[in-house]
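What follows is a set of notes on a single structure, which appears directly below.
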Amino acid sequence: IEKDGKLYLIYTAHHETMSGKRTETQALAVSSDGIHFEKSKKNPIIKVPKGNDFSAVDFRDPKVWEHDGKYYLIVGTKTTDKPSLGEIMLFESDNLEKWTYRGIAAKSDSVENGFMWECPNFAEVDGRDVLILSPMIFADGQESHKVVYTIGEMNYETGKLSHGDYDLLDYGFDFY
(Lines give C-alpha, C1' and ligand atoms only; values in the text may rest on other atoms or scores of the structure.)
Protein backbone atom coordinates (compact mmCIF):
# COMPACT_ATOMS: atom_id res chain seq x y z
CA ILE A 1 0.00 0.00 0.00
CA GLU A 2 1.19 3.56 -0.66
CA LYS A 3 1.41 6.04 2.22
CA ASP A 4 3.10 9.45 2.19
CA GLY A 5 4.83 8.70 -1.12
CA LYS A 6 6.34 5.42 0.13
CA LEU A 7 5.49 1.78 -0.57
CA TYR A 8 4.67 -0.31 2.48
CA LEU A 9 4.86 -4.02 1.71
CA ILE A 10 3.42 -6.38 4.29
CA TYR A 11 4.38 -10.01 3.80
CA THR A 12 4.38 -13.36 5.55
CA ALA A 13 7.64 -14.23 7.30
CA HIS A 14 8.48 -17.87 8.05
CA HIS A 15 10.38 -18.78 11.20
CA GLU A 16 11.85 -22.13 12.14
CA THR A 17 13.15 -22.98 15.59
CA MET A 18 16.15 -25.19 16.30
CA SER A 19 13.71 -28.01 17.05
CA GLY A 20 12.18 -27.64 13.58
CA LYS A 21 8.93 -25.98 14.64
CA ARG A 22 7.69 -23.55 11.99
CA THR A 23 5.60 -20.43 12.60
CA GLU A 24 4.40 -17.57 10.42
CA THR A 25 4.16 -13.87 11.25
CA GLN A 26 3.52 -10.72 9.24
CA ALA A 27 6.42 -8.38 8.49
CA LEU A 28 6.93 -4.96 6.88
CA ALA A 29 9.38 -3.54 4.33
CA VAL A 30 9.30 0.11 3.17
CA SER A 31 10.60 1.77 0.00
CA SER A 32 10.76 5.37 -1.18
CA ASP A 33 11.77 4.46 -4.75
CA GLY A 34 9.95 1.16 -5.39
CA ILE A 35 13.26 -0.64 -5.97
CA HIS A 36 15.15 -0.63 -2.65
CA PHE A 37 13.26 -1.87 0.41
CA GLU A 38 14.24 -1.72 4.05
CA LYS A 39 12.79 -4.23 6.49
CA SER A 40 11.24 -2.67 9.57
CA LYS A 41 13.16 -2.91 12.84
CA LYS A 42 9.75 -3.58 14.44
CA ASN A 43 9.31 -6.90 12.58
CA PRO A 44 7.36 -8.97 13.08
CA ILE A 45 4.57 -6.40 13.09
CA ILE A 46 1.81 -9.00 13.60
CA LYS A 47 1.91 -12.32 15.44
CA VAL A 48 -0.91 -14.77 16.07
CA PRO A 49 -2.98 -13.28 18.92
CA LYS A 50 -2.41 -15.10 22.21
CA GLY A 51 -5.20 -16.90 24.03
CA ASN A 52 -7.00 -18.04 20.90
CA ASP A 53 -7.21 -21.33 19.03
CA PHE A 54 -5.46 -20.08 15.87
CA SER A 55 -2.63 -21.86 14.14
CA ALA A 56 0.71 -20.02 14.22
CA VAL A 57 1.88 -22.49 11.58
CA ASP A 58 -0.83 -21.40 9.14
CA PHE A 59 -1.08 -17.63 9.48
CA ARG A 60 -0.41 -16.07 6.10
CA ASP A 61 -1.16 -14.06 2.98
CA PRO A 62 -1.91 -10.54 4.25
CA LYS A 63 -4.12 -8.16 2.30
CA VAL A 64 -4.07 -4.50 3.43
CA TRP A 65 -6.32 -1.56 2.53
CA GLU A 66 -7.32 1.87 3.81
CA HIS A 67 -10.84 2.77 4.92
CA ASP A 68 -11.89 6.09 6.47
CA GLY A 69 -8.33 7.05 7.46
CA LYS A 70 -7.44 3.70 9.08
CA TYR A 71 -5.64 0.69 7.71
CA TYR A 72 -7.09 -2.79 7.76
CA LEU A 73 -5.45 -6.12 7.11
CA ILE A 74 -6.81 -9.63 6.74
CA VAL A 75 -4.82 -12.85 7.09
CA GLY A 76 -5.79 -16.41 6.24
CA THR A 77 -5.59 -18.98 9.02
CA LYS A 78 -7.25 -22.02 10.53
CA THR A 79 -8.33 -23.16 13.95
CA THR A 80 -6.28 -25.66 15.93
CA ASP A 81 -9.41 -27.75 16.46
CA LYS A 82 -9.68 -31.19 14.93
CA PRO A 83 -10.92 -30.94 12.29
CA SER A 84 -9.58 -27.47 11.55
CA LEU A 85 -11.77 -24.76 10.05
CA GLY A 86 -10.64 -21.91 7.81
CA GLU A 87 -10.84 -18.35 9.11
CA ILE A 88 -10.02 -14.81 8.03
CA MET A 89 -8.58 -12.63 10.81
CA LEU A 90 -8.94 -8.82 10.77
CA PHE A 91 -6.41 -6.31 12.15
CA GLU A 92 -6.52 -2.49 12.33
CA SER A 93 -3.77 0.17 12.37
CA ASP A 94 -3.30 3.93 12.34
CA ASN A 95 0.25 3.78 10.95
CA LEU A 96 0.88 0.37 9.23
CA GLU A 97 3.41 -0.58 11.94
CA LYS A 98 1.36 -1.19 15.09
CA TRP A 99 -1.64 -3.45 14.58
CA THR A 100 -4.60 -4.36 16.79
CA TYR A 101 -6.45 -7.64 16.40
CA ARG A 102 -10.14 -6.92 15.71
CA GLY A 103 -11.49 -10.45 15.40
CA ILE A 104 -12.58 -13.09 12.93
CA ALA A 105 -14.05 -11.31 9.91
CA ALA A 106 -15.28 -14.55 8.31
CA LYS A 107 -14.99 -18.25 9.05
CA SER A 108 -15.83 -21.64 7.67
CA ASP A 109 -18.94 -23.21 9.10
CA SER A 110 -17.86 -26.75 8.22
CA VAL A 111 -14.97 -28.80 6.86
CA GLU A 112 -16.87 -28.91 3.57
CA ASN A 113 -15.62 -25.34 3.05
CA GLY A 114 -11.95 -26.24 3.51
CA PHE A 115 -9.82 -26.65 6.62
CA MET A 116 -7.52 -23.68 5.85
CA TRP A 117 -8.27 -20.42 4.05
CA GLU A 118 -5.42 -18.94 2.04
CA CYS A 119 -4.76 -15.93 -0.16
CA PRO A 120 -7.62 -13.74 1.08
CA ASN A 121 -8.43 -10.63 -0.93
CA PHE A 122 -10.88 -7.90 0.02
CA ALA A 123 -12.26 -5.03 -2.02
CA GLU A 124 -15.22 -2.72 -2.28
CA VAL A 125 -17.00 -3.09 -5.62
CA ASP A 126 -19.97 -0.87 -6.48
CA GLY A 127 -20.57 -0.13 -2.80
CA ARG A 128 -20.51 -3.79 -1.75
CA ASP A 129 -17.69 -5.62 0.00
CA VAL A 130 -16.22 -8.69 -1.68
CA LEU A 131 -14.08 -11.33 0.02
CA ILE A 132 -12.12 -13.73 -2.22
CA LEU A 133 -10.22 -16.70 -0.80
CA SER A 134 -8.74 -20.08 -1.65
CA PRO A 135 -9.90 -22.91 0.62
CA MET A 136 -7.44 -25.78 1.15
CA ILE A 137 -8.30 -29.48 1.34
CA PHE A 138 -11.93 -30.38 1.83
CA ALA A 139 -13.57 -32.88 4.21
CA ASP A 140 -13.13 -35.71 1.71
CA GLY A 141 -9.36 -35.07 1.70
CA GLN A 142 -9.44 -33.72 -1.83
CA GLU A 143 -6.94 -30.90 -2.36
CA SER A 144 -8.46 -27.73 -3.73
CA HIS A 145 -7.06 -25.04 -5.94
CA LYS A 146 -10.45 -23.42 -6.30
CA VAL A 147 -11.09 -19.77 -5.59
CA VAL A 148 -14.38 -18.67 -4.04
CA TYR A 149 -15.96 -15.31 -3.28
CA THR A 150 -18.73 -13.88 -1.18
CA ILE A 151 -20.43 -10.51 -1.28
CA GLY A 152 -21.47 -8.69 1.88
CA GLU A 153 -20.83 -5.74 4.12
CA MET A 154 -17.87 -5.19 6.45
CA ASN A 155 -18.86 -3.77 9.82
CA TYR A 156 -15.72 -1.90 10.78
CA GLU A 157 -17.01 -1.39 14.34
CA THR A 158 -17.40 -5.12 15.06
CA GLY A 159 -14.77 -6.41 12.63
CA LYS A 160 -17.26 -8.84 11.08
CA LEU A 161 -18.20 -9.34 7.44
CA SER A 162 -21.88 -10.17 7.05
CA HIS A 163 -22.18 -12.03 3.77
CA GLY A 164 -24.04 -14.49 1.63
CA ASP A 165 -22.98 -17.90 0.34
CA TYR A 166 -19.54 -18.63 -1.06
CA ASP A 167 -19.65 -18.98 -4.84
CA LEU A 168 -17.07 -20.42 -7.21
CA LEU A 169 -14.93 -17.77 -8.91
CA ASP A 170 -12.29 -20.00 -10.54
CA TYR A 171 -11.40 -23.68 -10.61
CA GLY A 172 -7.70 -22.80 -10.19
CA PHE A 173 -4.72 -23.62 -10.21
CA ASP A 174 -3.87 -20.74 -12.52
CA PHE A 175 -5.87 -18.20 -10.50
CA TYR A 176 -4.97 -19.58 -7.06
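The values are calculated or read from the model by the stated rules, or taken from the named source; none is laboratory data. Everything numeric in this text was worked out from a predicted model, so none of it was measured. Backbone-built Cβ (ideal geometry, glycine too); neighbour counts: all protein chains shown. Surface accessibility is based on the protein's heavy atoms, side chains included, excluding ligands, DNA and RNA. Shrake-Rupley method; radii C 1.70, N 1.55, O 1.52, S 1.80 Å.
Ranked from largest to smallest solvent-accessible area, with a 1.4 Å probe on the protein heavy atoms, 115, 54, 37 come out as 37, 115, 54. Going through the cross-link list 6/146; 70/107; 6/82; 21/82, which pairs have a Cα-Cα distance over 31 Å in this structure? Violating the 31 Å limit, Cα to Cα: 6/146; 6/82. When 104, 88 are compared by accessible surface with a 1.4 Å probe, the order from highest to lowest is 104, 88. Leaving out same-chain residues fewer than 8 places away, which aspartates and glutamates sit with a Cα under 20 Å from that of residue 98? Output for residue 98: 2, 4, 24, 38, 61, 66, 68, 157. With 5 Å bins beginning at zero, the pair-distance distribution over Cα atoms of the chain amounts to 2, 8, 16, 21, 20, 17, 11, 5, 1, 0 %. Solvent-accessible surface of the chain, taken per residue with a 1.4 Å probe and all protein chains present: 56 Å².
Please give the charge dipole size of segment 3-153, origin at the Cα centre, charges +1 on K and R Cβ atoms and -1 on D and E Cβ atoms. Round to the nearest 20 debye.
Its charge dipole is roughly 620 debye.
Have a look at 76, 37, 86 and report the one farthest towards the positive end of the charge dipole of the chain, computed about the Cα centre with Cβ charges (Lys/Arg +1, Asp/Glu -1). Value computed over the given set: 37.
Looking at segment 57-163, the trypsin sites (Lys or Arg not before Pro) that sit in a DSSP loop and have at most 16 other Cβ atoms within 10 Å of their own Cβ are 98.
The relative contact order of the chain, computed from alpha carbon pairs under 8 Å that lie at least 6 residues apart in sequence, is 13 percent. In this Cβ point-charge picture (+1 for Lys and Arg, -1 for Asp and Glu), segment 4-85 has a dipole of about 300 debye about its Cα centre.
Each of 9, 119, 135 was placed along the dipole of the chain (beta-carbon charges, centred on the mean Cα), and the one lying farthest toward the positive end is 9.
Segment 151-170 and segment 1-59 have Cα centres separated by 25 Å.
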